[in-house]
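Just below is one structure, and these are the notes that go with it.
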Amino acid sequence: MDETAPARETLLEVNNIEVIYNHVILVLKGVSLAVQKGGITALLGGNGAGKTTTLKAISNLLHSERGAVTKGAIKYRGEVIQGRDPAELVKKGVIQVMEGRHCFQHLTVEENLLTGAYTRRDGKGAVEADLQMVYDYFPRLKERRRSQAGYTSGGEQQMCAIGRALMSRPQMVLLDEPSMGLAPQLVEQIFEIVKSVNENEGLSFLLAEQNTNVALRFAHTGYILESGRVVMEGQAADLRENPDVKEFYLGMSDEGRKSFRDVRSYRRRKRWLA
Ligand SMILES: Nc1ncnc2c1ncn2[C@@H]1O[C@H](COP(=O)(O)OP(=O)(O)O)[C@@H](O)[C@H]1O
Ligand SMILES: [Mg+2]
């Protein structure tokens, strides 16, 4: 490790949280993770692993799902943010882009982007400048700015959802499954843009993805969730090279995807038998 490198600031700290739905269904069973300032952190795992639940726990959006954080702590810049109003979190710089690229279908792309600035009090000029910034990152949105969002493509709607989040001037974006339902080429394009926003604007991302392959190419660090538990974590480059990750998440095995946890306990059993 480079001794002269400045200490990295931990922006978000999730410490051993449990989430229960409907008072009975335990979905997150002690999840811990950290997001470094200026980094892209990937939260990986298959369908139902608990990625969306984790993001919603952070941005306090579980209420409407009859879910609640029943244990653990969530801190943003050292401050406990559990129970904070989502709008207050947006003012603090934390914003979530929901799974399924929610745009207001009947509004134009530009109107959608402007709704992202609703918590801001820094004036029209600043908002206008950021609209231009979003158009610079997403030239496609500029072309489509007068189109009703409901008539744009899935890729354009995903761009619109991310662009709208950027309009709130966030420090950290919780991005839920940006690749969902999009063609590989578009996924690549969207991740490239996320990467350049991260590098040029210093924005931090917590990125939930089933698409391990693409996420680990763009992220700096990663966590793998299975059934509400972190089963593995590390630098993205190390995870990419990890034989278990290769086998079970990067589709480099003939057997298809098995549970990572099953394999580990199987290996453990084998060791005991040996
Ligand atoms: N509102 C809810 N009520 C009850 N169970 C839920 C609710 N939302 C999600 N779950 C369950 O929680 C688990 C994790 O879901 P989710 O966080 O959406 O996973 P992911 O985003 O990784 O696909 C799943 O088993 C899912 O069925
Ligand atoms: Mg999800």
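Tabulated data for the structure shown
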{"item": "Principal-axis tilt of helix 154-166 within the chain, Cα atoms, nearest 10 degrees", "result": "80"}
{"item": "Other-chain or far-sequence residues with amide H under 5 Å of Leu225's (modelled H)", "result": "Leu44, Gly45, Val231"}
{"item": "Where labels lie 7 Å past Cα in the beta-carbon direction, separation of Ala68 and Glu9 in nm", "result": "3.4"}
{"item": "Burial ordering of Ile20, Ile162, fewest other beta-carbon atoms within 10 Å first", "result": "Ile20, Ile162"}
{"item": "Distance in nm between pseudo-label sites at Tyr151 and Glu111 (7 Å out along the Cβ direction from Cα)", "result": "1.3"}
{"item": "Fewest-first sequence of Glu233, Glu201 by Cβ atoms within 10 Å of each Cβ", "result": "Glu201, Glu233"}
{"item": "The stretch 177-230: C-alpha gyration tensor shape, a/c 1.5 cut-off, then a/b vs b/c", "result": "oblate"}
{"item": "Antiparallel DSSP beta bridges within the chain, as percent of all bridges there, nearest 5", "result": "60"}
{"item": "Sequence-distant residues sharing a close amide H with Leu12 (under 5 Å, placed H)", "result": "Val35, Arg77"}
{"item": "Pairs beyond 29 Å (Cα-Cα), from Lys92/Lys124; Lys51/Lys75; Lys71/Lys246; Lys51/Lys92; Lys51/Lys91", "result": "Lys71/Lys246"}
{"item": "Selection of trypsin sites (Lys or Arg not before Pro), the stretch 1-91, meeting DSSP coil and at most 16 other Cβ within 10 Å", "result": "Arg8, Lys37, Arg66, Arg77"}
{"item": "0 to 90° range, to nearest 10: angle between helix 260-273 axis and the chain longest Cα axis", "result": "20"}
{"item": "Restricting the stretch 121-185 to trypsin sites (Lys or Arg not before Pro) in coil, as DSSP defines it, with at most 12 other Cβ within 10 Å", "result": "Arg121, Arg146"}
{"item": "Rg and Dmax [Cα atoms of the stretch 101-169; Å; Rg one decimal, Dmax integer]", "result": "10.8, 32"}
{"item": "Rg/Rh for the chain, where both radii come from Cα atoms and Rh is the Kirkwood radius", "result": "0.98"}
{"item": "Computed label-point distance, nm, for sites Asp122 and Gln36 using a 7 Å Cα→Cβ extension", "result": "2.6"}
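Read the figures in this text as sums done on the coordinates, not as results from a lab. Owing to the predicted nature of the structure, the values given are computational and were not obtained by experimental measurement. So basically every Cβ, Gly included, is an ideal-geometry build from the backbone, and we count neighbours across all protein chains shown.
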